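Enquirer: Just dropping this structure here.
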Amino acid sequence: MYKKMPVIALEEHYWDRELAAQLQGAEGSRSQDMLNRLYDLGDLRLKEMDEAGIDIQVLSHGAPSAQKLDASIAVDLTKRVNDRLAQAISRHPTRFAGFAALPTINPDAAARELERCVKDLNMVGAMICGLTNGMFHDDERFLPIFEMAEKLGVPIYFHPSFPDKNVSEVYYDKYAKDYPQVVRAAWGYTVETATQAVRLILSGLFAKHPKLNVILGHFGETLPYQLWRIDQALKRPGHESVNFREVFTRNFHITTSGHFSTTALVCAMMEMSMDHIMFSVDYPFVANKPAMDWLDTLQISNTDMRKFLSGNARNLLKI
Ligand code: ZN
């Protein structure tokens, strides 16, 4: 059914050689096949998109992107990374769009870089990966980034990265050796990114910036499933004004990156509506085929499928 519909995949990663060289041990932890895909923004990627039936990939740098960079190099390096991404997109403008990397360690410069990337380089938003050197982004120092995103009308995508060292030690070390993914995709990424989202809402950010849009991957990092309990618990006597559900279902959008579960989709549709759910693969960390095979099994209306596969992304990202 979906095969005649355009498909936009939203959380699709690549690596920039200069930035990846700053991320300690990044290359050593990946197979040659994976590195080939991460560094390719041309033939191999396009071939695999064509085979799968993906029309557009929205490209973003793999985690931790610019969030762990030293302040002394972050601003200039991130500019070069974004310039190179824009050049790669300009070679295939009908197949690629891009989320900017931001030097969040310097929030004013990050806001200016977001403006430059959207106005001059045609990027469709920005992606922030994990914490900025141990800081959650609800801290007031990061406000200039969100003010700029709201002003430009572009979303900020919050993507996971490795949990904070102290958290890893207390929560995961006992099992991390035998089950390294417990720190990452299996659990650690979700805990940190869901916590980031909860903190953003509690900070009052969306009262100050009601038109700010935030994207979460991995089916909303469990939050749609938890929505009733979070909303109810936060509203206990004395805090009736906190409206977690209202903010989450209005300002947040979620994608299916690396998470192809029909039961999760049904839950998200019921809690958030199909207008806030967008298709993603998480290429190349996840292959395109299992994502597309999953689409084959879905029994949702043509109208919902169209929103899910491209309509919502076109509206939110103005592609
Ligand atoms: Zn990802």
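Derivation of every value follows stated rules applied to the coordinates shown; laboratory data play no part. Please read all numbers here as calculations on a predicted model, not as lab measurements. Because the Cβ atoms are built from the backbone with ideal geometry, glycine has one as well, and the counts that use them run over all protein chains shown.
Enquirer: Suppose R0 equals 30 Å. What FRET efficiency, 1/(1 + (r/R0)^6) with r the Cβ-Cβ distance, do Asn166 and Gln232 give to the nearest 0.05?
Expert: For R0 = 30 Å, the calculated efficiency reads 0.50.
Enquirer: Can you list the residues, at least 5 places off or on another chain, whose amide H is less than 5 Å from the amide H of Val7, using H built in the peptide plane?
Expert: Correct list: Asp55, Ile56.
Enquirer: Please report Rg (one decimal) and Dmax (integer) in Å for the Cα set of the chain.
Expert: Here Rg and the maximum Cα pair distance are 18.6, 58 Å.
Enquirer: Same structure, new question: I'd like to compare 229-237, 149-157, 35-43, 252-260: which one has the highest average count of other Cβ atoms within 10 Å, and what's the full order after that?
Expert: 252-260, 149-157, 35-43, 229-237
Enquirer: To continue, here is another question. Over 29 Å between Cα atoms: which of Lys208/Lys318; Lys79/Lys211; Lys4/Lys79; Lys68/Lys174 fall into that group?
Expert: Lys4/Lys79
Enquirer: Quick one: dipole size for segment 1-91, taken about the Cα centre, charges +1 on Lys/Arg Cβ and -1 on Asp/Glu Cβ, in debye to the nearest 20.
Expert: Here segment 1-91 has a charge dipole of around 120 debye.
Enquirer: Another question, then. Roughly how many whole Å is it from the C-alpha centroid of segment 46-115 to that of segment 225-267?
Expert: Centre-to-centre distance over Cα atoms comes out at 28 Å.
Enquirer: Taking 0.36 nm per residue of separation and subtracting the Cα-Cα distance, what length does fully extending Leu46 through Arg199 add?
Expert: 51.3 nm
Enquirer: Check which residues have an amide H placed less than 5 Å from Thr132's amide H, if you skip close sequence neighbours.
Expert: Placed amide hydrogens put nothing under 5 Å from Thr132.
Enquirer: Want the number for Thr262 to Leu298: 0.36 nm per residue separation, take away the alpha-carbon distance, what's left?
Expert: 12.2 nm
Enquirer: Roughly how many whole Å is it from the C-alpha centroid of segment 270-319 to that of segment 1-38?
Expert: Taking the Cα centre of each part, segment 270-319 and segment 1-38 sit 19 Å apart.
Enquirer: Just need the relative contact order of the chain here, percent rounded to a whole number, with Cα pairs under 8 Å and 6+ apart.
Expert: 20 percent
Enquirer: Still on this model: Hey, can you grab everything whose amide H is under 5 Å from the amide H of Thr255? Only 5+ residues off in sequence or another chain; H modelled, so Pro and N-termini drop out.
Expert: Correct list: Leu216, Gly217, His218, Phe219, Gly220, Met278.
Enquirer: OK, next. Using 0.36 nm times the number of residues separating Glu240 and Ala176, minus their current alpha carbon distance, what extension gain do you get?
Expert: 19.1 nm
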